[in-house]
Structures are given as structure tokens and as C-alpha cells.
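S.K.: Got a structure here, written out as C-alpha cells. Questions coming.
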Amino acid sequence: LMTVVNYSVQDTFGNNEFFWAGTQWFEEVLASERFHQALMRNLIFSAIVLAIEIPLGIAVALTMPKKGWGVSACLVTMSLPLLIPWNVVGTIWQVFGRGDIGLFGRAMNAIGWDYNYGQDPFDAWVTVILMDVWHWTSLVVLLAYAGLVSIPDAYYQAAKIDGASRWAVFRYIQFPKMGRVLQIAVLLRFMDSFMIYTEPFVVTGGGPGSSTTFLSIDLVKTAVGQFDLGPAAAMSIIYFLIVLLVSWVFFTVTTHATADKRS
């Protein structure tokens, strides 16, 4: 961390010689159109996957059994995608989406969709989003399920006596009781999705063009590809501060909202 801070305020031409640069690299990064575009891609990607994974995870958790052998079977099944290394997930979907040998790619082409994630930006986005949904929805499912099974049976018995509908039970009992775990799920998924690197890099390499070049990929290209250590270090710190700030704001807002409901 201190090395990153050191590089972010200095310049070097090799031979371990450094020259003070001050805030030059931070100003350069913040004024860069390339940085703004990558940041916007990250925000759009995080918003899309959260909008899909949170409702889908809740829906799946609601259908899972609460007792019997099916509980273990469902929990193990839901855990499987989370056990796969990120680079392996990228490799799986790289093959899965190919139009010549991939099951998904061939299926899309068979129904008339000229699908090619290597050449079409929209197809690349569809592939990366589906890959993330497949990989991480299970985390939301497990957290939501943990919230559901912690609800005492007395709540359901009272709702049954009152003749509450299934929607009413979900709205007034299940969803409020899942509030805390869903807050954790959204925070974890936002941070993970906003910092995503390995999976899209393996599948698309940030392409076609720069359509799936997120901040993490752009950062690696700047640091390793171009060897611009000063701008890369400044971008790393800005990247970290954005994640920290957005997470803090979300946590503060949701915590206050929960407190207001209880009061």
C-alpha cells in the first residue's frame, strides 16, 4: 500500500530514481476520458447485476425447502458455483459462449441470433453479465435463505390465523426479516462486481474494442501494459476510495432507513 502511495506522487525513469510529481497523476487520471468511460462501465455493470441477482436470489431462496433432505441438497447445489476459481469461471464461459463449439453460442445462433461475444459489444456484455449472474447469485441465495430460516414459526402461525396472503407474508414478515442479510448481500455484490477483473478479462480481454474494459482491466493495462506506474498508482487509490465511499454511503443510508422503520 505504501509503495502505491509512493508511486502515486512521484515519477521515475528507472535506476530507482524518483522525482516528486505531487498531484500530477491524480489530476491526469481524473481528467482522463478513458477513466470516465471505464468508471461508467463499472457502474452500469454493477447496477445491472445487482438488479438481477438480488431479486433472483430472493426468489430462489423462497422456493428452497426449510426441512428434510432437500435442504442439504439445495445448499450444496447453491454452493457449487462459489467454489469454482474465478479464472476457471472465465474459461468455462469463454468456451460456453463460442459459436462453433459452445452450447450457449450454438443455441443462440440456432434461434437466429447472430451471437459473437468476440466481435459484438452487446453480445460481450450479455456474456459477462450472464457469467456473473451464474457465478454469484448463489451467494445472495444463501444469505437470503439464512435470513428466512431465522424467522420464528410464530410469525407464520399468526399470519395464517389472520388469513394473510402469500404476498402479505413476504411483504410484512419475510422481506423485513431479511433486511440485514440483504444489506450484506448488496454490499458484497456491489464491491465484488465493481472490482471484477479475472472473469471478463479471461472471456473478452476487455473487448471487443474497449466495450468491456472495466476500471480493473484498464488499471492493469496502464500498470503492466504501458508501465505507467505513476498514473496506475493514482488510479488504484482513486478506485479504492470510490469503492469505500459508495459502500459507506450505502451502508449509512440503509442503516438509517432500517432504524427509522423500527422507530
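The values are calculated or read from the model by the stated rules, or taken from the named source; none is laboratory data. Everything numeric in this text was worked out from a predicted model, so none of it was measured. Note that we place each Cβ from the backbone using ideal geometry, even for glycine, and neighbour counts take in every protein chain shown. These accessible areas exclude ligands, DNA and RNA; they are computed on the full protein's heavy atoms, side chains included. Shrake-Rupley method; radii C 1.70, N 1.55, O 1.52, S 1.80 Å.
S.K.: At a Förster radius of 41 Å, what calculated FRET efficiency corresponds to the Cβ-Cβ distance of Ser165 and Asp114, to the nearest 0.05?
M.R.: FRET efficiency, Ser165 to Asp114: 0.35.
S.K.: Considering the values [x] 19.0, 56; [y] 17.8, 56; [z] 22.4, 79, which represents Rg and Dmax of the Cα atoms in Å as calculated for the structure under consideration?
M.R.: [z]
S.K.: Work out the FRET efficiency for Asp100 and Trp248 from their Cβ-Cβ distance, taking R0 = 51 Å, and round it to the nearest 0.05.
M.R.: 0.65
S.K.: Stretch Ile52-Glu27 to full length: gain in nm at 0.36 nm per residue minus the Cα-Cα span?
M.R.: Contour length minus the Cα-Cα distance gives 5.5 nm.
S.K.: Please compute, over every Cα-Cα pair in the range 131-253, the percentage with a separation greater than 23 angstrom.
M.R.: 52 percent
S.K.: Another question, if that's okay. May I ask you to compute the full-extension gain from Asn16 to Tyr172, defined as 0.36 nm times their residue separation minus their alpha-carbon distance, rounded to one decimal in nm?
M.R.: 49.9 nm
S.K.: Of all the accessible heavy-atom surface of the range 34-214, with the other protein chains kept in place and a 1.4 Å probe, what percent is carbon and sulfur?
M.R.: Details: 6350 of 9300 Å².
Solvent-exposed carbon and sulfur of the range 34-214 make up 68 percent of the total.
S.K.: Any idea of the accessible area per residue across the chain, 1.4 Å probe, to the nearest Å²?
M.R.: Accessible surface, normalised per residue, equals 56 Å².
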